[in-house]
Amino acid sequence: MVRVGVLALQGGWAAHLACLRGLGHRAVEVRSPRALDGLDGLVLPGGESTAQWRLLTRAPGLAEALRSFAGSGAPVLVTCAGLVLAARAVAPTQPSLDLLDVCVRRNGWGRQLASAEARADDGTPLVLIRAPRIEAVGDGVTVETTLDGEPVLVRQANVWGATYHPELAGDLRAYARPFRRGW
Ligand code: GLN
């Protein structure tokens with residue numbers, strides 16, 4: 001069993017807890033730095049990144065604790081608004097944690113794909129809800145999954161970033177890869 005925390009300030013954290021528990025992991029809500037103690041992994045869920053950032057910066061020490069948790073090498077999965085929070089750079093400009101060397105554009109698919117269910121190029125089921133678009137990836141980032149050739153799942157060492165909602169598509173593989181035993 002892997003103990004995974006889900007940042008539970010705003011957005012879709014409850015569905016992540018349910019998926020993780022369905023995989024047999026111990027999943028807990030994270031709202032303070034202390035909640036990270038003893039965890040093996042972490043999820044930053046979707047929702048609204050500006051609201052999440054506001055709540056995050058009101059919790060003393062939490063932003064720094066999330067940065068050092070990711071820096072420790074433990075697996076981290078960030079999805080949708082969580083990807084916006086974790087990105088190195090965001091357009092239009094807003095603050096972020098800089099856990100993952102990507103540039104993302106909020107709501108970057110516009111009307112073309114505002115909210116949709118789709119299949120990635122490798123068949124992964126995608127639920128996209130006002131999803132960010134990954135516009136640039138750094139040298140240390142690998143593209144794991146694409147949609148029409150564009151990255152929708154990327155990875156930089158221990159940090160995995162999805163523009164979509166695996167917790168809504170029942171895509172347990174998205175968890176199985178970062179949070180496999182013996183990572
Ligand atoms: N558009 C949201 C944001 O930028 C993300 C949407 C989502 O998490 N489904 O914060």
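Leu17 passes every criterion in (1) touching a Cys at 6+ places or on another chain (Cβ under 8 Å); (2) more than 16 Å from the ligand (Cβ to nearest atom) apart from (1). Within the set Arg119, Arg133, Arg105, the sole residue that is farther than 20 Å from Val84 by Cα and free of Cβ contacts under 8 Å to residues at least 60 places away in the same chain turns out to be Arg119.
For Val143, state whether it is under 22 Å from Ala157 (Cβ atoms), buried (at least 20 other Cβ atoms within 10 Å of the Cβ), under 15 Å from the mean Cα position of the chain (by Cα) and of a type outside the set (D, E, K, R). It is false that Val143 is under 22 Å from Ala157 (Cβ atoms), buried (at least 20 other Cβ atoms within 10 Å of the Cβ), under 15 Å from the mean Cα position of the chain (by Cα) and of a type outside the set (D, E, K, R). Scanning the range 12-37 for residues that are small (Gly, Ala, Ser), within 15 Å of Leu62 (Cβ to Cβ) and assigned to a helix (DSSP H, G or I) returns a single hit, Ala35. When you scan the range 35-51, how many residues do you find that are more than 6 Å from the ligand (Cβ to nearest atom) and of a type in the set (D, E, K, R)? Residues that pass the stated criteria total 2. Only one of the listed residues (Val84, Val4, Val28) is within 16 Å of the ligand (Cβ to nearest atom), modelled with pLDDT of 95 or more and not small (Gly, Ala, Ser). That residue is Val84.
Condition check ((1) among the aliphatic types (A, V, I, L, M); (2) under 14 Å from the mean Cα position of the chain (by Cα); (3) loosely packed, with under 14 Cβ neighbours inside 10 Å) across all residues:
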| residue | (1), (2), (3) |
| --- | --- |
| Val4 | yes, yes, no |
| Ala8 | yes, yes, no |
| Gly11 | no, yes, no |
| Pro33 | no, no, no |
| Val43 | yes, yes, no |
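The values are calculated or read from the model by the stated rules, or taken from the named source; none is laboratory data. Everything numeric here is computed off the predicted structure, so don't read it as measured data. Please note: Cβ atoms are built from the backbone with ideal geometry, for glycine as well, and neighbour counts cover all protein chains shown.
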